Amino acid sequence: TVPVGEDQMPMLEQTKEIVHKFNAVYGETLTDPQILLPDNKACLRLPGTDGKAKMSKSLGNCIYLSESEADVKKKMSMFTDPDHIRIEDPGKLEGNTVFTYLDAFCTDGHFAEYLPEYANLDELKAHYKRGGLGDVKVKKFLNNVMQEELSPIRARRKEYEQRIGDVYDILKAGSEVAKEEAAKTLSEVKHAMKIDYFDTPEFLEEQVKKYSE
């Protein structure tokens with residue numbers, strides 16, 4: 001099972017096609033990968049902070065896990081509803097990046113902590129749609145949500161920055177496990193294709209018998 005975002009589905013589909021073709025020719029050897037998408041539809045493909053279809057390093061519209069609290073706060077000037085000019089104006093949720101991120105990350109607990117005048121996101125959305133709710137207040141709430149979500153990640157990262165040797169050991173151990181698993185799979189593939197000449201004594205016996213006749 002491979003957890004992916006919506007934009008990575010084509011690559012998994014290509015992988016599944018390769019697996020199906022190989023298994024059809026050489027027998028059931030490779031495992032058919034299953035795609036695991038987020039249950040929360042807002043997490044299928046998070047837009048960039050500028051409202052573009054996707055985050056991109058080259059466009060500079062990403063929120064990085066390594067960023068400081070101040071850097072994340074700066075990015076809360078993200079795209080909302082361009083027609084929501086005055087507080088009293090009704091706002092649109094479609095294409096509104098701030099609400100997309102709230103759909104992805106906020107919980108009722110966040111409202112109790114940071115915006116107690118609303119019970120949940122549905123109430124906030126309803127107020128925004130009918131007018132009377134400014135973008136600044138919503139962005140401030142999103143900032144609190146994002147900071148809470150990223151805070152333990154920052155702390156963990158800071159901890160491991162002081163333990164680079166441990167990081168190296170973790171990466172090395174993981175690489176060794178991956179290398180062993182890859183070698184096992186490659187061996188199974190070669191055997192299925194009957195090209196594991198040096199690992200199959202029967203192959204030599206067959207060749208000796210064939211050319212001695």
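The values are calculated or read from the model by the stated rules, or taken from the named source; none is laboratory data. Everything quoted here is computed from the prediction, not taken from an experiment. Glycine gets a Cβ as well: all are built from the backbone with ideal geometry, and neighbour counts include every protein chain shown. When the accessible area is computed, the model is the full protein with side chains, heavy atoms only, and any ligands, DNA or RNA have been set aside. Shrake-Rupley method; radii C 1.70, N 1.55, O 1.52, S 1.80 Å.
Annotation note: Cβ proximity below 9 Å between a residue of the stretch 186-202 that is at positive phi and a residue that is at pLDDT below 90 and assigned to a helix (DSSP H, G or I) (sequence gap 6+ or interchain) occurs for 194/203. The residue of the stretch 64-91 that is modelled with the lowest pLDDT, among those that are acidic (Asp, Glu) and closer than 13 Å to residue 146 by Cα, is 67.
Filtering the stretch 1-42 down to residues that are hydroxyl-bearing (Ser, Thr, Tyr) and surrounded by 11 or more Cβ atoms within 10 Å (Cβ to Cβ), which residue is nearest to residue 94 (Cα to Cα)? Among those residues, the one meeting the criterion is 15.
The one condition from (1) within 22 Å of residue 147 (Cβ to Cβ); (2) surrounded by 14 or more Cβ atoms within 10 Å (Cβ to Cβ); (3) touching a residue at least 40 places away in the same chain (Cβ under 8 Å) that residue 45 does not meet is (1).
Of 33, 47, which residue is of a type outside the set (Val, Ile, Thr), modelled with pLDDT of 90 or more, within 13 Å of the chain's Cα centre (by Cα) and assigned to a loop (DSSP other than H, G, I, E, B)? On inspection, the qualifying residue turns out to be 47. Close Cβ contacts (under 7 Å, 6 or more residues apart or on different chains) running from residues in the stretch 88-116 that are under 13 Å from residue 47 (Cβ atoms) to residues that are open to solvent by 50 Å² or more (accessible area, probe 1.4 Å) and part of a loop (DSSP other than H, G, I, E, B) comprise 97/79; 104/40. Each residue in the stretch 50-87 was checked for being open to solvent by 40 Å² or more (accessible area, probe 1.4 Å), touching a residue at least 12 places away in the same chain (Cβ under 8 Å) and either touching a strand residue (DSSP E or B) at 6+ places or on another chain (Cβ under 8 Å) or not in a loop (DSSP other than H, G, I, E, B) (or both), and 2 of them qualify. Taking the stretch 17-51 as the range and being of a type in the set (S, T, N, Q) and more than 30 Å from residue 74 (Cα to Cα) as the test, the residues that pass are 23, 29, 31, 34.
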